Amino acid sequence: MSIKEIKNNLPEEFIEILEEIYSNGQLDKIYSSFTNGRYTSFRVNRLKGNVSEVVNELNNKKIKAVNCSFIKNAFIAKGVKERTLRKLEIYKQGKIYVQNISSMLPPLFLELKENTTILDMCAAPGGKSLFIADLINNKATILANDINEVRRKRLEYNIEKQGASSVIVLGTDGRTIGKRLKNYFDRILLDVPCSGEGIITLKKNKKYLSWNMKKILSFAKMQKKLLDSAYNALKPGGIIVYSTCTLNPFENENIIEYALDKYKDLKLDKIDLELKNTRRGLTRYKEKIYNKEVEKAIRIIPNEYMEGFFVAKLVKRNQ
């Protein structure tokens, strides 16, 4: 499919947003990823297995996977379908978890410590909560929240399968947690519901056909409320990592600037991740000039390996 054909499949206003933000070379990568999708990736779950036994089974089944250079115990399996991995014993036994590389990133910026209380506010199906449990070897209390009952069942299944005994499931509206558990959590992962522009695959997912600015602004309104709740639930000295799998600034930089303007004891820490397909948070979009601090966030540009993501790290100063 040519670039022109790809663009003909996408809403015109969405294309205008992309072309305002990204260079021609970056746009080519984005459009190509929308057409071809991303390679399958997974991480070894150290709560159940180890790299050597995973590699042994992959070799026995003649499945090629290469290490991700910047995430320990993560692998990329070019040309391998997810359904192929699902047939393996290492998958059935919870020794691997299939997850896009981009989705593994947000927990890495939480500065995890043992014996702390961590909230994953919008958790299902649980990949990030499970990774947190793995990274900290189940030596923390992790509350994984999701309001959707069907998604929560999937979350509970994954927790059991992956041996994440430190994870407790909640089923409440994330927007209310800050009122009920004020100054309670040391770390909060806020991977908000979003428009999902960074994970578009033209062949599979037709959600992009219903894309419109009304929906974007509706997501942004909810995201602000979730961030308000996260701020109230966070202890002084604590960290919120805010992330989306979308590309427009209304759900990304706008939300971070909103938080910085509203809460004077919040500061943004720089996300240190230097990859060819990253760029800093926007300092301007059209006539809009952002707070210079917003540049400390990072944008993952979708390519053949990684979904499009936005990640920002907010720290609540000690009073």
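When residue 192 is tested against (1) crowded, with 21+ Cβ neighbours inside 10 Å; (2) under 30 Å from residue 317 (Cβ atoms); (3) out of contact with any strand residue (DSSP E or B) (no Cβ under 7 Å at 6 or more places or on another chain); (4) among the β-branched types (Val, Ile, Thr), exactly one condition is not met: (3). Checked against the criterion of being part of a helix (DSSP H, G or I) and in contact with a strand residue (DSSP E or B) (Cβ under 9 Å, 6 or more places away or on another chain), the candidates 177, 216 yield just one match: 177.
Only residues that are under 30 Å from residue 1 (Cβ atoms) and among the charged types (D, E, K, R): list them for region 34-86, please. 38, 64, 78, 81, 82, 83, 86 - these are the residues of region 34-86 that are under 30 Å from residue 1 (Cβ atoms) and among the charged types (D, E, K, R).
List pairs: first residue in region 100-120 and at positive phi and among the hydrophobic types (A, V, I, L, M, F, W, C), second residue part of a helix (DSSP H, G or I) and surrounded by fewer than 20 Cβ atoms within 10 Å (Cβ to Cβ) anywhere in the structure, Cβ distance under 8 angstrom, at least six positions apart or on different chains. As it stands, the answer is none, since no pair meets every condition given. None of 159, 147 is surrounded by fewer than 24 Cβ atoms within 10 Å (Cβ to Cβ) and farther than 22 Å from residue 90 by Cβ except 147. Flag: residue 278 matches the condition of being free of Cβ contacts under 8 Å to residues at least 60 places away in the same chain and either of a type in the set (Ser, Thr, Tyr) or touching a His at 6+ places or on another chain (Cβ under 8 Å) (or both). Restricting 34, 42 to residues that are in contact with a Leu (Cβ under 7 Å, 6 or more places away or on another chain), more than 17 Å from residue 309 (Cβ to Cβ), in contact (Cβ under 8 Å) with a residue 40 or more places away in the chain and crowded, with 16+ Cβ neighbours inside 10 Å narrows the list to 42.
When region 162-188 is examined, which residues are found to be touching a helix residue (DSSP H, G or I) at 6+ places or on another chain (Cβ under 6 Å) and under 20 Å from residue 110 (Cα atoms)? It would help to see each step written out before you state the result.
The first filter runs over region 162-188 and keeps only residues touching a helix residue (DSSP H, G or I) at 6+ places or on another chain (Cβ under 6 Å), leaving 162, 164, 166-167, 169, 171, 174-175, 177-178, 181-182, 184-185, 188.
Scanning region 162-188 gives 164, 166, 167, 169, 174, 177, 178, 181, 182, 184, 185, 188.
Conditions tested, residue by residue: (1) in contact with a helix residue (DSSP H, G or I) (Cβ under 9 Å, 6 or more places away or on another chain); (2) farther than 30 Å from residue 238 by Cβ; (3) of a type in the set (Val, Ile, Thr); (4) outside the structural domain of residue 49 (by TED's automatic domain parsing).
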| residue | (1), (2), (3), (4) |
| --- | --- |
| 75 | yes, yes, no, no |
| 86 | yes, yes, no, no |
| 90 | yes, yes, yes, no |
| 110 | yes, no, no, yes |
| 128 | yes, no, no, yes |
| 133 | yes, no, no, yes |
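Of the candidates 126, 163, 94, the single residue that is of a type outside the set (Ser, Thr, Tyr), at pLDDT below 95 and within 29 Å of residue 66 (Cβ to Cβ) is 126.
Could you list all residues from region 177-200 that are acidic (Asp, Glu) and within 21 Å of residue 38 (Cβ to Cβ)? Give the steps one after another, and end with the answer.
Here is the first cut: in region 177-200, the ones acidic (Asp, Glu) are 186, 191, 197.
Of everything in region 177-200, those that are acidic (Asp, Glu) and within 21 Å of residue 38 (Cβ to Cβ) turn out to be 191, 197.
Taking into account only those residues within region 74-83 that are in contact (Cβ under 8 Å) with a residue 40 or more places away in the chain and surrounded by 11 or more Cβ atoms within 10 Å (Cβ to Cβ), which is farthest from residue 46 (Cα to Cα)? Ranking the candidates gives 80 first. Under the condition of being over 19 Å from residue 230 (Cβ atoms) and of a type outside the set (Gly, Ala, Ser), the residues counted in region 156-212 number 21.
For region 106-165, what are the residues that are touching a Ser or Thr at 6+ places or on another chain (Cβ under 8 Å) and part of a loop (DSSP other than H, G, I, E, B)? Walk me through how you get there before you give the answer.
At the first step, the residues of region 106-165 found to be touching a Ser or Thr at 6+ places or on another chain (Cβ under 8 Å) are 106, 116-118, 120-121, 123, 127-128, 133, 136, 138-145, 147, 155, 159, 164.
Passing the criteria: 116, 121, 123, 136, 138, 139, 140, 147, 164.
Remark: pairs (first residue in region 180-205, of a type in the set (Lys, Arg); second residue assigned to a loop (DSSP other than H, G, I, E, B) and buried (at least 24 other Cβ atoms within 10 Å of the Cβ); Cβ separation under 9 Å; 6+ apart in sequence or on different chains) are absent.
Scanning region 2-12 for residues that are surrounded by 13 or more Cβ atoms within 10 Å (Cβ to Cβ) and farther than 18 Å from residue 204 by Cβ returns 3, 7.
The values are calculated or read from the model by the stated rules, or taken from the named source; none is laboratory data. From a predicted model like this one, the values you see are computed outputs, not experimental measurements. Using ideal geometry, Cβ is built from the backbone for each residue, glycine included, and neighbour counts are taken over all protein chains shown.
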